[in-house]
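Encoded as structure tokens, the structure appears first; notes follow it.
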Amino acid sequence: MAGLKSVRNRRNDALSRIGWDRLEHLLANHYRRAGYQVEHVGTGGSGRRFDGGIDLKLRKDGACVLVQSKHWNAYQVTHNAVHELLGVMVNERANGAILVTSGEFTRAAIEAATRHGHVQLVDGDALRAMLGPLPELEPPVVSQPEPPVPRAAPALPVPTLRVSVPSRRPTHRPKSSVKSDLIVIVWRLLGAVLLFWCLNLAFKHALKPLLTPRLPMVQEATPARLPEPVGPPPNLMATPTPPYPPVVVSEPEQAFAVPTEAEIRASQRGADEAIKVIEATTPEM
């Protein structure tokens, strides 16, 4: 158990080897001999699944004392068990309580019981002195296993010889079987012929485009339309005239006129006036 302290002195005697239910019965018999009226309310005497935190109820002279046993041999009983028994004592309105263990109590459990003063602790030493020596339990009889009976060697399987006898087939076949065989042969021949015919037809159909020569496509020539004549129709009855070249008559060339001196001076005068006008209007650079 996690968080629990191991006992300082672990015992190995008759009390440590009995069960927890047997310890409850021993305590009940001890308190009956001591003059108490005992009510066994623990699971060891009532058969119930839960004991409510107490195993015995002791009554004597109008007083009620509760007893709780802890059959712990490997670990010490802690102060939690003391506090739980105090709570049960208050709920049951008992006058006192006794906490019994076949092992040891922790120091905190002893201090808690001493501080409250309503719980009496009985450890393993006091319990053995109170119950006295217990008879040793007889060890269980261990039956010796019987020696194994030697088994006989398994018999080897006897090989069985299997002789296969060839079955005799009839030398002659009935007429019905011969007739059915002929029918089957005829149907197979017909199927083969039909299959050959279908394959031949499919082969020819597939090779037909390859064997047929392809002629070049010739487009029909469209007749050319002649231009419509412009003007009156020619006179077919007139005598044709030979095509003479047209005669081009050039105009007479004009004669070149020579200027007179007056015209030259007038032209010179106009040029001088134009130069003066340009000089007057042009700014100096």
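Quick notes on this structure:
- Sequence ranges 81-87, 271-277, 96-102, 16-22, ranked by mean other-Cβ count within 10 angstrom, highest first: 96-102, 81-87, 16-22, 271-277
- Cut-off under 5 Å, modelled amide H: who pairs with Gln120 long-range: Ala97, Ile98, Leu99
- Spacing of the modelled spin labels on Val184 and Leu199, each 7 Å from Cα toward Cβ, amounts to 2.3 nm.
- Candidates Thr101, Val38, Gly117 compared by Cα position along the dipole of region 18-131: farthest toward the positive end lies Val38, with charges placed on Cβ.
- Note on Arg10 and Arg265: the model spin-label points, each 7 Å out from Cα along the C-beta direction, lie 17.1 nm apart.
- Calculated SAXS-style log₁₀ I(q)/I(0) at q = 0.11, 0.12, 0.23 Å⁻¹ - region 18-131, Debye, Cα scatterers: -0.31, -0.38, -1.49
Just so you know, all these numbers are worked out from the coordinates, no wet-lab data involved. Owing to the predicted nature of the structure, the values given are computational and were not obtained by experimental measurement. No Cβ is skipped: glycine too gets one built from the backbone with ideal geometry, and neighbour counts run over all protein chains shown.
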